[in-house]
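Notes to accompany the following structure.
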Amino acid sequence: MAAMTLNSVNFGAAKAVKFEYVGLKAHQNITSARPHSVKFVPRALTVNAGEAQGGGPVKKLGKSDEECEAAVVAGIVPEAPPIPPKPAAPAGTPLAAPLPLSRRPRRNRRSPVLRAAFQETSISPANLVYPLFIHEGEEDTPIGAMPGCYRLGWRHGLVEEVAKARDVGVNSIVLFPKVPDALKTSTGDEAYNDNGLVPRTIRLLKDKYPDLIIYTDVALDPYSSDGHDGIVREDGVILNDETVHQLCKQAVSQARAGADVVSPSDMMDGRVGAIRDALDAEGFEHVSIMSYTAKYASSFYGPFREALDSNPRFGDKKTYQMNPANYREALIETHEDKAEGADILLVKPGLPYLDIIRLLRDNSSLPIAAYQVSGEYSMIKAGGALKMIDEERVMMESLMCLRRAGADIILTYFALQAARCMCGEKR
């Protein structure tokens, strides 16, 4: 900041007192033989760039509080910057009497500092969970429908990606496996193989990063030859209770490998309570359950199914996933999951279902999760690539909207990119 020096001030005792005013103001020398005769000699404005940005040292006056106060009492007051002129309105602006408003909400939005001070919702890397696709291969395979996402080799690429995420504060991941077709069966038995892809991966990550929070997906579709989340009867009906039996074994296998949170995404009735009982019976009372409470039969899942090659072989998933037209039904699912012992309630998809996120938030004190799904991610990526939108700004706005609606955590493929943006890194 520029300094205005007041020097050669005589207080009648032939003692010079030097004042220095710090601010963006022209230097002025003030000389006087008597306290009440002050002569101002204007000088040219000089601004030190380093000081103007607050980076340079500010020199002290070298006077005691009493001496500074005495100067003011004597009428020798350093001049402050003048009141800035009122900015002129553009030519042609009509003359209008001020509106009789006692409240003007824009007052709290008029500067970046005020907007930050009154911001109601915040987001940090700690709010993000990073979904990662894994496969048995050594190489990382790009996913065509999801630019920037890969099927990661579980031994190398995955470990490197987790390290990148941790570097910017994302310490929670959720794993989704691409299972070899030869291991898929109609009953999905590979889902609870203790030496399967997911348990092996959990053990590897926990060995390298013990404090990493690992969420797992509990469902049969990656392991099913039919591509459905449950066992399919010969007439096409998805068997509920038999599927839950398999899911319990899958959840226990994942907990045994070291999973912190198991996440049933299948939407079978009663599975949360059954999984809780199975975990507790095996000594895994500490393992949490994040239930996909309101998972809708959405068209936004397409890129994900390409990533895992898990499209249903026939039909759709509308007999177990929720109807996108339904709102109140989410309350039924919420009540059941809470009663059965869920620790976290999840809504999927995210942005098209902000009202459902708010519904769960208003009706439960449990943590709420939102899944910004593959279709949401891919649309933002495509819009950015076509220069139709500012990808980074839309990405951050979308995540903030999910938080504003009530989500405590967000599962998003943008986790690494968004965290880097929050940390000030360039893409």
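The table below lists the values:
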read-out	value
Accessible area of Glu425 in the full protein assembly, 1.4 Å probe (Å², nearest 10)	90 Å²
Rounded to 5, the percent of DSSP beta bridges in region 93-188 classed as antiparallel	20 percent
Options (i) 32.4; (ii) 27.0; (iii) 28.6 - which one matches mean projected area of the Cα convex hull in nm² as calculated here	(i)
Where chymotrypsin sites (Phe, Trp or Tyr not before Pro) in DSSP loops with at most 14 other Cβ within 10 Å are excluded, longest remaining stretch of the chain	119-313
Counting DSSP beta bridges with both ends in the chain, the antiparallel % (nearest 5)	30 percent
Per-peptide average of other Cβ atoms within 10 Å, ordering 236-244, 86-94 highest first	236-244, 86-94
Accessible heavy-atom area order of Thr319, Thr293, highest first, probe of 1.4 Å	Thr319, Thr293
Theoretical gain in end-to-end length, Glu285 to Arg203 [0.36 nm per residue, Cα-Cα removed]	27.6 nm
Selection of trypsin sites (Lys or Arg not before Pro), region 93-165, meeting DSSP coil and at most 11 other Cβ within 10 Å	Arg103, Arg110
Theoretical ellipticity at 222 nm over the chain - DSSP helices of four or more residues, -39500 (n - 2.57) apiece, nearest 500	-9500 deg cm²/dmol
Loop-located trypsin sites (Lys or Arg not before Pro) in region 331-413 whose Cβ has at most 11 other Cβ within 10 Å (DSSP)	Lys387
The chain: relative contact order as a whole-number percent, Cα under 8 Å and 6+ apart	13 percent
Whole-Å distance, taken between Cα centres, linking region 241-293 and region 58-137	51 Å
The chain: most fluctuating residue of Pro100, Pro349, Pro264 per GNM, C-alpha cutoff 10 Å	Pro100
Geometric extent, Cα atoms of region 267-342 - Rg, Dmax (angstrom)	14.7, 40
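The values are calculated or read from the model by the stated rules, or taken from the named source; none is laboratory data. All figures in this text were calculated on a predicted structure; none of them were measured in a lab. A quick note on method: Cβ atoms are made from the backbone with ideal geometry, for glycine too, and the neighbour counts reach across all protein chains shown. Just the protein is used for accessible areas: all its heavy atoms, side chains included, with ligands, DNA and RNA removed. Shrake-Rupley method; radii C 1.70, N 1.55, O 1.52, S 1.80 Å.
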